[in-house]
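The values are calculated or read from the model by the stated rules, or taken from the named source; none is laboratory data. Here the structure is a predicted model, which means the values were calculated and not measured. Glycine gets a Cβ as well: all are built from the backbone with ideal geometry, and neighbour counts include every protein chain shown. Each accessible area value is taken on the protein alone, full model and side chains, heavy atoms only, with ligands, DNA and RNA left out. Shrake-Rupley method; radii C 1.70, N 1.55, O 1.52, S 1.80 Å.
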Amino acid sequence: MRKRSIFGRGLSGLTAMTTAVLSSLVLTSTPAMAAAAPDLQLPFPCGQKWRLDTWAHAPALDMVKEPDQHGTDGATLVAPAAGTVDRVFYHDNGGNVLQINHGGGYFTTYIHLKSRASVSPGDRVQRGTVIGKVGATGKESNGHPHLHFELAYDANGDGDASWGYSGSERIRPVFNGVTYGQSNGRTWRNVESRNCGSGSRPGLFGADFNGDGVGDLFAAGTGTLYIWNGQGGNRFTSADPVGAGWTSYTPPIGGDFNGDGRGDLAAVRDGTLYIWNGEGGNEFGEAQRIGGGWSELAAKLFSLGDVNKDGRADIGAVDPEGVLYIWNGEGGNEFGEAQRIGAGWTEYGRPVGGDFDDDGIGDIAAVRDGTLYIWNGEGGNEFGEAQRIGGGWTDLGRTLMSLGDVNKDGHGDIAAISTDGILHIWNGEGGNKFGTADPIGPGWNPHFPA
């Protein structure tokens, strides 16, 4: 039987970002723990800065976005470490609540959410998986958007962890090696998220344009950009026609190029690279001109994920002589100078990026002579030796795609379209391994012309 939270009894009078105090709450002692605590990062996309306050309910934390709380309402919430979704429910005082079991008796709880992503109890999440949006639901939010966050340890070993009131099993959280929540009335300003690992975080591995944490499909081969939003279980919505006028552009790639946690698009026209920043809900801003000199690189332009471990999405391209270059993202649609990685790519099809070994670093996959190979990223724009994954890709390499996580198991997936126009998905299993091909449906050739 689960322990019931008595959130309302202990948190009456909570008003985030005010001087109101809860004199009835006291700091709970930290119990002895047999297992190591999870390696937590802040539950927000990499590079964002947040203010953390204990107010009068240490070690619990209220979090609002810096500067000046702008952007807190509706901000993307991501898992701080790998785990399994334990509970998702509505509480009269706490509003929308989500809890993750990280193993070893440790649980994290997220309170006052505006909405949750398409995750349900039993779903496996990785660090960086989108799990919801920050909001102000429940009476105790007082209409003030913020995230109320708690880490708890199941001290009595009943398979659950209580939360939300003085005397519960909540403990001090540690983000990126720094302990917070030591005492009431403490404030930490401009705490930067280093949640820069793998998962379904928008833009790094695959594309998530509607912000639900599931990888989406997109194509513009007909001249109209279409998006098929992932629904989990290798299922997708019907095509959403986002906009026309793509005939003069190269096939677009997806990534979070401005570092705001939303999936963006990039493509080349007349040798110039453009980026359309995602605004959520399959909507995008105006085209941003990034720079010229891309005429000979456009054919094999691809999104890498994060290969230098700085938490920002990078892009790569192969020139006509078969030399691979990488441009490391710097946020704000800006990139560093081209880094020459190595030659010998002439015989390979267009590469794709993803995290295929689940180490949080971008990898590269490409097909040569009908065989799929993967080069695992090692950080610093360095890669290991080519890993031979398997044959049978002769008619599939041209349309190879990296999807992110479309079946919600926490692993990156890939897809390709056979010559008869059928879309197939290979679900990642970690360690550069994939399941058998899952045929999704026919009619895809017009969207991915030769």
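Some observations on this one:
- Scanning segment 351-369 for residues that are surrounded by fewer than 20 Cβ atoms within 10 Å (Cβ to Cβ) and modelled with pLDDT under 95 yields a single hit, Asp359.
- Search result, residues across segment 313-350 that are among the hydrophobic types (A, V, I, L, M, F, W, C), under 30 Å from Phe434 (Cα atoms), surrounded by 15 or more Cβ atoms within 10 Å (Cβ to Cβ) and over 18 Å from the mean Cα position of the chain (by Cα): Ala317, Val318, Val323, Leu324, Ile326, Trp327, Ile341, Trp345
- Test: residue in segment 213-225 that is at pLDDT below 95, within 30 Å of Asp53 (Cβ to Cβ) and part of a strand (DSSP E or B): no
- Conditions (1) touching an Asp or Glu at 6+ places or on another chain (Cβ under 7 Å); (2) at positive phi; (3) of a type in the set (D, E, K, R): number failed by Asp62: (2)
- When the criteria are applied in full, Phe284 fails the requirement of being among the aromatic types (Phe, Trp, Tyr), open to solvent by less than 20 Å² (accessible area, probe 1.4 Å), within 26 Å of the chain's Cα centre (by Cα) and within 23 Å of Gly221 (Cα to Cα).
- Failed item, numbered, when Ile374 is tested on (1) open to solvent by less than 30 Å² (accessible area, probe 1.4 Å); (2) farther than 23 Å from His447 by Cβ; (3) free of Cβ contacts under 8 Å to residues at least 60 places away in the same chain; (4) in a loop (DSSP other than H, G, I, E, B): (4)
- Pairs with Cβ under 9 Å, 6+ apart, first in segment 377-389 and of a type in the set (Gly, Ala, Ser), second open to solvent by 100 Å² or more (accessible area, probe 1.4 Å): Gly377/Lys309; Gly379/Lys309; Gly380/Lys309; Gly384/Glu378
- Of all residues making up segment 408-450, the number that are more than 27 Å from the chain's Cα centre (by Cα), assigned to a loop (DSSP other than H, G, I, E, B) and either modelled with pLDDT of 90 or more or more than 23 Å from Pro241 (Cα to Cα) (or both): 7
- Being closer than 13 Å to Asn333 by Cα and free of Cβ contacts under 8 Å to residues at least 24 places away in the same chain is a condition met by at least one residue of segment 290-310.
- Taken together, Thr394, Thr399, Thr436 contain a single residue that is open to solvent by less than 20 Å² (accessible area, probe 1.4 Å), among the polar types (S, T, N, Q) and at negative phi, which is Thr399.
- Screening Lys49 against (1) at pLDDT below 95; (2) within 21 Å of Glu169 (Cα to Cα); (3) surrounded by fewer than 22 Cβ atoms within 10 Å (Cβ to Cβ); (4) within 29 Å of the chain's Cα centre (by Cα) leaves a single unmet condition, (2).
- Lone unmet requirement of (1) closer than 20 Å to Trp444 by Cβ; (2) open to solvent by less than 10 Å² (accessible area, probe 1.4 Å); (3) at pLDDT below 90 for Leu304: (1)
- Test: residue in segment 110-131 that is acidic (Asp, Glu), touching a residue at least 12 places away in the same chain (Cβ under 8 Å) and within 27 Å of Glu279 (Cα to Cα): yes
- Counting only strands (runs of 3 or more DSSP E) that sit completely within segment 86-165, those holding 2 or more residues that are open to solvent by 20 Å² or more (accessible area, probe 1.4 Å), farther than 19 Å from Ala36 by Cβ and modelled with pLDDT under 95 correspond to 106-116.
- Taken over segment 259-281, the criterion of being open to solvent by 40 Å² or more (accessible area, probe 1.4 Å) and either in contact with a Lys or Arg (Cβ under 8 Å, 6 or more places away or on another chain) or among the polar types (S, T, N, Q) (or both) is satisfied by Glu279 alone.
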